[in-house]
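The values are calculated or read from the model by the stated rules, or taken from the named source; none is laboratory data. All values reported here derive from a predicted model rather than from experimental measurement. Note that each Cβ is placed from the backbone with ideal geometry, even for glycine, and that neighbours are counted across all protein chains shown.
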Amino acid sequence: MSDSDAAQSAWARVDTTVPHSARVWDFLLGGKDHFPVDREVGETLLRVFPDFAMVARLQREFLVRAVRYLAGEAGIRQFLDIGTGLPTAGNTHEVAQSIAPESRVVYVDNDPIVLVHARALLTSAPEGATDYLDADVRDPGTILTGAARTLDFTRPVAVMMLSIAGQMTDADNPYGVVERLLAPLASGSYLVLSDGTNTNPALIDAVTNYNKNAHNTYQLRSPDEIARFFTGLEPVEPGVVPTPEWRPLPDRWDEPQTVVSAVCGVARKP
């Protein structure tokens with residue numbers, strides 16, 4: 001199938017009547033790849049929780065800092081980015097390959113509109129490689145099989161899961177999903193994970209409203225529940241902390257969060 005055929009097939013699967021998290025996130029980040037239904041939901045979220053756009057920005061900034069750490073200090077050259085969302089500034093491959101051009105990156109998402117824009121995620125440095133998988137986080141077997149075409153599992157891989165674990169309900173066994181994703185990876189691999197917490201009343205109200213109309217609902221969890229994803233791994237300092245507090249840049253301008261809305265962590269597989 002040609003790229004144009006694949007894009008046409010993906011467009012045919014796009015439901016513009018139901019909001020999707022990737023497109024709502026795009027709206028919150030100031031992007032253009034969303035529909036009126038996504039914008040309507042995003043505007044509702046902002047009315048209920050005005051800091052939602054800031055939370056989205058802080059998540060993106062954490063991704064950049066984490067990838068810089070992994071590609072630089074930790075020497076990681078392979079990345080599996082699950083729930084990547086729509087292409088925007090500072091994608092994983094752009095950050096990693098700016099430090100180590102030979103880095104190899106596989107992106108995973110299940111929104112067909114992300115597939116339409118996947119070309120932007122496949123613009124790799126000549127020394128490295130990028131790939132895109134149209135797959136669901138709840139299907140780690142398919143993800144691992146597809147990723148193995150680009151990544152060498154005998155060498156360390158960083159698994160990136162930003163704002164994606166919350167899209168799995170407890171019935172989906174999210175902890176088991178993460179364990180399955182990490183199981184075949186080499187010692188020295190990393191898990192990078194961040195998600196929204198149930199500690200901010202305004203965020204709880206916003207997500208409750210979002211879930212009433214969303215195709216995929218979002219599950220807020222406690223900081224301790226999010227920290228549980230790192231069980232058995234070696235945490236990188238400062239551990240599981242509010243997202244802006246993970247290795248902040250020296251020139252940061254924002255104030256520490258008084259009410260935590262999201263936490264994050266990076267941890268190494270022994």
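Hey, could you check the range 228-270 for residues that are at pLDDT below 95 and hydroxyl-bearing (Ser, Thr, Tyr) and say which is surrounded by the fewest Cβ atoms within 10 Å (Cβ to Cβ)?
Among them, the one singled out is Thr258.
If I filter the range 205-227 down to residues being in a loop (DSSP other than H, G, I, E, B) and of a type in the set (A, V, I, L, M, F, W, C), which single residue comes out as modelled with the lowest pLDDT?
Filtering the range 205-227 for residues that are in a loop (DSSP other than H, G, I, E, B) and of a type in the set (A, V, I, L, M, F, W, C), the one modelled with the lowest pLDDT comes out as Ala214.
Any idea how many residues of the range 50-73 are part of a loop (DSSP other than H, G, I, E, B) and touching a helix residue (DSSP H, G or I) at 6+ places or on another chain (Cβ under 6 Å)?
Residues flagged as part of a loop (DSSP other than H, G, I, E, B) and touching a helix residue (DSSP H, G or I) at 6+ places or on another chain (Cβ under 6 Å) within the range 50-73 amount to 1.
Look at Gly90 and say whether it is modelled with pLDDT under 90, closer than 30 Å to Asn211 by Cβ, crowded, with 22+ Cβ neighbours inside 10 Å and not aliphatic (A, V, I, L, M).
no
Name the single residue that is nearest to Gly128 (Cα to Cα) among those in the range 32-47 being of a type outside the set (D, E, K, R) and surrounded by fewer than 17 Cβ atoms within 10 Å (Cβ to Cβ).
Residues of the range 32-47 that are of a type outside the set (D, E, K, R), as a first pass: 34-37, 41-42, 44-46.
From the residues that got through so far, the ones that are surrounded by fewer than 17 Cβ atoms within 10 Å (Cβ to Cβ) too are 36, 46.
Details: Pro36: 37, Leu46: 39 Å.
Filtering first and then ranking leaves Pro36.
Among the residues that make up the range 48-61, is at least one of them in contact with a strand residue (DSSP E or B) (Cβ under 9 Å, 6 or more places away or on another chain), buried (at least 22 other Cβ atoms within 10 Å of the Cβ) and among the aromatic types (Phe, Trp, Tyr)?
Scanning the range 48-61, I find no residue that is in contact with a strand residue (DSSP E or B) (Cβ under 9 Å, 6 or more places away or on another chain), buried (at least 22 other Cβ atoms within 10 Å of the Cβ) and among the aromatic types (Phe, Trp, Tyr), so the answer is no.
Which one is modelled with the lowest pLDDT among residues in the range 151-204 that are acidic (Asp, Glu) and within 18 Å of Val266 (Cβ to Cβ)?
Checking each candidate, the answer is Asp195.
What pairs can you find where one residue is in the range 67-86 and within 20 Å of Ser187 (Cβ to Cβ), the other is in a loop (DSSP other than H, G, I, E, B) and among the aromatic types (Phe, Trp, Tyr), and their Cβ atoms are less than 9 Å apart, with a gap of 6+ or different chains?
Qualifying pairs under 9 Å: Gln78/Phe153.
Take the residues of the range 146-161 that are of a type outside the set (Lys, Arg) and surrounded by fewer than 15 Cβ atoms within 10 Å (Cβ to Cβ): which is farthest from Glu234 (Cα to Cα)?
Our first condition is that a residue be of a type outside the set (Lys, Arg); within the range 146-161, this holds for 146-148, 150-154, 156-161.
Still in the list and also surrounded by fewer than 15 Cβ atoms within 10 Å (Cβ to Cβ): 148, 152, 154.
Details: Ala148: 24, Asp152: 22, Thr154: 19 Å.
My answer is Ala148.
Can you say whether Ile76 is surrounded by 19 or more Cβ atoms within 10 Å (Cβ to Cβ), touching a Leu at 6+ places or on another chain (Cβ under 7 Å) and either modelled with pLDDT of 95 or more or of a type in the set (Ser, Thr, Tyr) (or both), as far as the supplied structure shows?
yes
Can you pull out the residues in the range 105-145 that are modelled with pLDDT of 80 or more, aliphatic (A, V, I, L, M) and crowded, with 18+ Cβ neighbours inside 10 Å?
Val105, Val106, Val108, Ala129, Leu133, Ala135, Val137, Ile143, Leu144
Thr199 fails exactly one of the following numbered conditions: (1) exposed (fewer than 15 other Cβ atoms within 10 Å of the Cβ); (2) in a loop (DSSP other than H, G, I, E, B). What is the number of that condition?
The number of the failed condition is (1).
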